Structure formats: C-alpha cells, structure tokens
Amino acid sequence: MSVSLKAKIAEVFEEPGCDKNQGKSEKERKKGCTKQLSPGAAAGGCAFDGAKIALQPIADVAHLVHGPIACEGNSWDNRHSGSSGPQLYRSGFTTDINELDVVYGGEKRLFKSIREIIEKYNPPAVFVYQTCVTALVGDDIEAVCQRATEKFGKPIIPVNAPGFAGPKNLGNKLGAEALLDYVIGTVEPDFTTPYDINIIGEYNLVGELWQVKPLLDALGIRILSCISGDGRYNEVASAHRAKVNMMVCSKSMINIATKMEQRWGIPYFEGSFYGIGDMSDTLRQIAKLLVKQGAPDDLLDRTERLIEVEEARAWLRIAEYKQRLQGKRVLLITGGVKSWSVVAALQEGGMEIVGTSIKKSTKEDKEKIKEIMGDDAHMIDDMTPREMYNMLRDARADIMLSGGRSQFVALKARMPWLDINQERYHPYGGYEGMVELVREIDRAIYNPVWQQVRIPAPWGDDGETLGAVLPSAQPMDYLTEVAAKSIGLTPEEVPS
C-alpha cells in the first residue's frame, strides 16, 4: 500500500462526523485504521467496488478501471441507477492489463486508454479507478492522470481505492475523497439562488430521486448537485455554492458533508425519503435550514401547505392496503439508513417489525431504530441464513424484505420475499414511493402461489407415492396404456 493511500485512509478514519471512530481512544483509533484485512474480510464488496458504485452514477463522465477485465465485469452496472440524459456511465471502460503489463507496468496502457476515450467520446472528465493488481505492481495513477490532464485539457480524476485497502464502506469514503481533492470547488455555477441544495449519498436507484425532485421543484428548491445519482460532472464540481447539504446515507459519504461545512460553511443534516412522516420531516428540515441561510421566510409556510396536501393524498391511497396489512410481521434484512427509515414506513403501513438488520448501520442509525421501535427493538447484527430460515419457517414473520442474496432463504421457507436493496425494480422514495412499497408488499403476501407451494408433495420422504400417481409396481402396463391411447388402440391391440 502506497504512503499516500495510507495517509488518505488514516484521514478518512479521523472523520469528525463518524461517531464510531471518535468514540475510540487515540490508540484504538490508530490501530483500527492501520490493521490489515483478514482473508475474506472484503467479501460482499471491496474498497474498489465501494468507490465505483459511489461515483459511477455521475452519468456524463467516463469511468475507466485500471486493472484486469474481471474487476470491471464485477463492478459494472451493479446498481439500477437511472440517468435523465447521458448514458456514458453505462459503458464499461477498462485497461484490461495482461501478464506483460504486470511485469513492465501498465502506466503507458493507462495513458493510451485515456486518450482513446477522449478521442472517441469527448466526456467532460474521466475517472480512473485503481485496482489491486495495478496498485501492487506500483502504477502511479495520480501521476498519469496529472500528465493526461495537462496533455488533453480535461480533468482526469484518479480514484485510488484498490480492493485490498478495505471493505466497501471504506471505498465509498475514498471515492468521496477523490471528489473533494479533484472535483468539488473547481467550477463556478452559471448562477445561484437562495434555494440551492446538494443531496449527498443519493444514487437515484430505479429513479427514486425523480420521485422527490417534483416536490422540491414545487417549492422552488433547486438541486444544485446530487452526489452522485443522475449527476453531472460540472454540477458536482460547482457543489460548493449550495446553501444546504442533505445526507441521505451517512455511512457512505459523510466526509463530503463535514469537509464542505469546514471549507465553505455549508450546514448539513441527515434525512430520509422513505415513509410519509420521514419525507415530510425532510422537507421541513430543508426549508428550515434554507431560511437560516437567507431564503425568504414564506418558504416555511409553502412547505407546510405542500406537506398537508401530499400527506392527505398518500394516506388516502394506502388506506385500502393498510387494512389488509394490519398486524403483518416483517423481517427486515438490510442496513445503513434503510435499517430505520424503512421501519418507519412499514409501521405507517400497519405492519409489525420482528427484526431489523444493523450490520451496516452507524451509531446514529441504531439510536433512531430505538427511537422508532422502542427499547424492545430487535436489532440483528449478523443473522445467518439458517437463523433467517428458522424465523420464517416458524411463522414468526409473514414476509422478508432484504437484498437479492437472501431471497433464496425465504423461497426455501416458502415465505413471501420483497427486494428492498439496490437490485430492485420499484422505487420506494417519497410519498409516491410509500404507496408503491405497500402495494408491492400486499402483492407479495397475498400472491396465491404461496398457497400452492405449501401443499405437501405427492410423495413421501421414502420416495414412495401417496396415491397421486400409479404405483411403481406396474410401470410398463401404465406406459403401454398411455402409448396405446395416443394412437387410438386398446392395450390388447398393441404388438408385444
């Protein structure tokens, strides 16, 4: 690991907005920042993967992976992040280094790849991602990117987050550090308004940002930049002129919010777009901070009027589903901001939470879970598949909400399952998303297929039939009869 990368990781772990690290002693914090990963510690996502998924939703730039082609294949398009315009972010670019590059170094290949991308696509910027192999070889991507920037007159951004540096969450922050070091503050916006905000840690999964943006537009609030869902390079580069920052997922990019507050005095808060109550609270928080930053006072009144209309409309639309879902038990296996924000939404739908995962949750996330669910909140740190199966099989939950990797546990237990993570196809943000969420849960629980799959199979544990098919003692006679009927003959007329 290079000296610069070690220094950057140490800086990330000194993050003042991270309660977990600030709660440690100086000795423990230093030890936690420098300890090496044990084999398998990055399972489920490495630092490179974390940096890539955090930055790839910036839609108009080229994302170039400097490493073996497998790294790009593993990380490309692994989230349903939507774009309202450019589609360049959906193209997978890689230097595809080979054995000779490992021996002689891949810096020349990287420079040629950058030149080819600029000549063919002419993007406003190119993001270059370091990987394990090229970092171990010793390729200096910072130097190559600096030379390419001078040569081609376009910003070439190095993202130094090789997979062995740590897990996915660290990669999120290292990707954020690249934006702070090379992007944010480098471009001035064409104009500013008293209503400009940044949304940080929102990736526009299946278009969730587009369910919230109309609400902000109705209030005259402008999203100066979204980091990084449906983002544009120049918007992110001019994000330092916003009046307020909103953190959607503090686990991923809290360092952007805290450093922007230090450098440019932009206040921030953490909010949620999930659920009726949380969506309303988020709108109130944005309006309150904007007024403090100089926006007209009438923004508060207009916000309350909008909330009143949207809440009434949402409650009316979910009333039918709420009656059907009243008292249904939900097992929530997710993490981060969804570990508490989705809980509030489910409770608004009349459901009961039997457990929620806190594997990727911060200290603040856990406190919010306790605030919502009470002191008897069942918080699951790391539930094994067997424990999930037993809970579902014993009917302690009526449905499981989780990511795609856990769906087969629910299917094996013959219980309904709904995707709540990034692989899903339905957006659940904002008031519209709340209606969509309860509708999908209702469809999953009352799907008639569950009645069918719970019927006992027509054979016993010993393999013998239970009368549903002809006993195995007469297989040839049965087959003969079937064959004869298919050609219009009696069994006796069939030649032996």
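The values are calculated or read from the model by the stated rules, or taken from the named source; none is laboratory data. Predicted, not measured: the structure shown is a model, and the values here were computed from it. All Cβ positions, glycine included, derive from the backbone under ideal geometry; neighbour counts span all protein chains shown. When the accessible area is computed, the model is the full protein with side chains, heavy atoms only, and any ligands, DNA or RNA have been set aside. Shrake-Rupley method; radii C 1.70, N 1.55, O 1.52, S 1.80 Å.
Quick notes on this structure:
- Sorting the segments 160-171, 316-327 by their residues' average number of neighbouring beta-carbon atoms within 10 angstrom, most packed first, yields 160-171, 316-327.
- The fraction of accessible area contributed by carbon and sulfur in region 223-304 is 44 percent, rounded to a whole number (1.4 Å probe; ligands and nucleic acids excluded).
- Taken along the Cα-to-beta-carbon direction at a fixed 7 Å, the label points for Q452 and R284 span 4.7 nm.
- Two-site FRET efficiency, V309 against E99, from Cβ-Cβ distance with R₀ of 45 Å, rounded to 0.05: 0.10
- Each peptide in 59-71, 263-275 was scored by the mean count of other Cβ atoms within 10 Å over its residues; highest first, the order is 59-71, 263-275.
- Rg/Rh for region 268-310 stands at 0.97; both radii use Cα atoms, and Rh follows the Kirkwood definition.
- The orientation-averaged shadow of the Cα convex hull for region 58-129, equal to a quarter of the hull surface, comes to 4.8 nm².
- Label-to-label distance, nm, for residues given as E352 and T186 (7 Å Cα→Cβ offset): 5.5
- Inter-label distance, Q323 to V137: 6.6 nm, where each label sits 7 Å from its Cα along the C-beta direction.
- Unit Cα scatterers, Debye sum, region 174-306: log10 I(q)/I(0) for q = 0.16, 0.19, 0.22 Å⁻¹: -0.75, -1.09, -1.47
- In region 255-357, the inverse of the mean reciprocal separation of distinct Cα atoms equals 15.8 Å; this is its Kirkwood hydrodynamic radius.
- Average Cα contact separation per residue, region 58-192, under 8 Å, 6 or more apart, as relative contact order %: 25
- Mean Cβ count within 10 Å, highest first, over the residues of peptides 109-119, 346-356, 445-455: 346-356, 109-119, 445-455
- Over region 196-245, the fraction of Cα-Cα pairs per 10 Å bin, rounded to whole percents and listed from the shortest bin up, is 28, 59, 13.
- Listed cross-link partners K259/K288; K6/K259; K8/K213; K259/K292; K151/K243 are compared with a 31 Å cut-off, the Cα-Cα value being larger for K8/K213; K151/K243.
- A probe of 1.4 angstrom, applied to the heavy atoms of all protein chains, finds L437 with accessible area near 10 square angstrom.
- With Cα atoms defining each centre, region 247-300 and region 104-168 are spaced 34 Å apart in the structure.
- Summed over all non-identical Cα pairs, the Kirkwood treatment of region 214-276 gives a radius of 12.6 Å.
- Considering all different alpha carbon pairs of region 64-196, the Kirkwood hydrodynamic radius works out to 15.9 Å.
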